[in-house]
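As structure tokens, the structure follows; a few thoughts come after it.
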Amino acid sequence: MFFLRYTFAAALVAVFFGAAQAAETAEQQFVAIARLPAENIGASVGRLIEVDVDLAASGSLDATVVGERMDVLYRMAFNQVAEGWNWRPLADPAVDDYYQFKFLPLQSVAVERGEYAGEDKIGTPQQMKVSWRYDYFLAFANLYDFYPRTVDDDAGFSANLPAALVGHVGMRAKARLIEPVINESTTFWKATYSKPTDFTLKKRYLVGTLEEVDFIDTVSGQVLCRIAPGQGRCTGR
């Protein structure tokens, strides 16, 4: 029997989601909520959102092809929101995680904001660029509603699909928003002589309860199979 194991890199997930994109990008959904008056953001609690998973940002979607079928695996072991608001130092690692909320990466948006004259090295004027990047995530605390907690690095969402779909398998998630609905952190790196760029990274989170994960044909937009709570794995025909 013929076996082939490899990784879906960014280049293999051709024209990521093209015609198969969700109705609104993560950026559009986050910005729409963030623009609401503070007292109105809570009205979004309970709203169902649909978001595309950025497989390029997450590193890889592993696949093992066996004849006319393939097993696809998206690892979740290290997708933990490493932010202060999510850190629980008193958690017992034998039964719980230090980071309660997990994440799925959704979108990354780079913005160039011009440049200015600066001098990090005395006597050596430079033009310093100003770059911002917005990374969007779905944050959720109910990963173990889908599969049991385990220390296995290969724990995650998986599917068995036709091998003909190699190169155009994507993922989509549905979640119901919960408090605080959105969250954001900012990290800034000052331009230096060797790296003449002021860089600002904003991590933006849509916060919800995960309701399902779909494996998608990124060419046709068809849902290949759907993972609901209690599954962790699905099979497509």
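Loop-resident chymotrypsin sites (Phe, Trp or Tyr not before Pro) (DSSP state other than H, G, I, E or B) in the stretch 159-223 with no more than 16 further Cβ atoms inside 10 Å of their Cβ: Y193.
When the chain is treated as a GNM with alpha-carbon contacts under 10 Å, the residue of G46, G114, G167 showing the greatest mean-square fluctuation is G114. Cα convex hull of the chain: mean projected area in nm², to one decimal? For the chain, the mean projected area of the Cα convex hull comes to 16.6 nm². If only the Cβ of Lys and Arg carry +1 and only the Cβ of Asp and Glu carry -1, the dipole of the chain around its Cα centre is close to 220 debye. Using a simple spin-label model with pseudo-atoms 7 Å out from Cα toward Cβ, T64 and E50 lie 3.2 nm apart. Given their separation in residues at 0.36 nm each and the Cα-Cα distance between them, T200 and E83 gain 40.5 nm when the chain is fully extended. Largest GNM mean-square fluctuation across Q126, Q222, Q107, computed for the chain with C-alpha springs under 10 Å, falls on Q126.
Sorting the segments 153-162, 90-99, 134-143, 27-36 by their mean number of nearby beta carbons within 10 angstrom, highest to lowest, gives 134-143, 153-162, 27-36, 90-99. Simple spin-label estimate for Y144 and K121 gives 5.3 nm between the two label positions (7 Å along the Cα-to-Cβ direction from each Cα). Here r is the Cβ-Cβ distance between A163 and A23 and R0 is 22 Å; the resulting FRET efficiency, rounded to 0.05, is 0.15. Which listed residue (V151, V223, S44) has the Cα farthest towards the positive end of the charge dipole for the chain, taking +1 on Lys and Arg C-beta and -1 on Asp and Glu C-beta about the Cα centre? Ranked along the dipole, the leading option is V223. Calculated [222 nm] ellipticity per residue, helices only, for the chain: -1500 deg cm²/dmol; basis is -39500 (n - 2.57) per DSSP H run with n ≥ 4, divided by all residues, nearest 500. Sparse packing (at most 15 other Cβ atoms within 10 Å of the Cβ) combined with a DSSP loop state is found for the following GluC sites (Glu not before Pro) in the stretch 58-126: E68.
We did not get these values from a lab; they are worked out from the coordinates using the rules stated. Quantities reported herein were computed from a predicted structural model and do not represent experimental measurements. Cβ: placed from backbone, ideal geometry, glycine included. Neighbour counts: every protein chain shown.
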